[in-house]
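Each value in this text was obtained by applying a stated rule to the coordinates, not by laboratory testing. Computed from a predicted model, the values in this text were never measured in an experiment. Please note: Cβ atoms are built from the backbone with ideal geometry, for glycine as well, and neighbour counts cover all protein chains shown.
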Amino acid sequence: MTLEQFTNATEMRKIKAIWRGKLIAERKEEQITYRLFKIDEFFVEAKINPLLGFARDFKPIEDEQNAMRPYLPEPVSVNYSLF
């Protein structure tokens, strides 16, 4: 499946594509869980509603750098002088 095919697919075809994809990462913001899946040559972020227990919002992402950015820890800034 291509990114364009995913974007134009019905909700059921998107769900089936995610089922056969690979779970790469997971993160939480307040009550919402986000899961990042690798599907063929692109990524999809699924937003999981805790009240429903399943994804209803899918965000396709073309490149790995943009896909992984929200899942990586924030860099630590150290402001001190050695001298």
(request) Return one number: the angle in degrees, 0 to 90 and rounded to the nearest 10, between the long axis of the Cα atoms of helix 11-20 and the longest principal axis of the Cα atoms of the chain. (result) 60
(request) Beta carbons within 10 angstrom, averaged per residue: use that to sort the peptides 8-15, 39-46, highest first. (result) 39-46, 8-15
(request) Using a cut-off of 9 Å between beta-carbons, work out the net charge of the residues near Leu3 (Lys and Arg +1, Asp and Glu -1, Leu3 not included). (result) -4
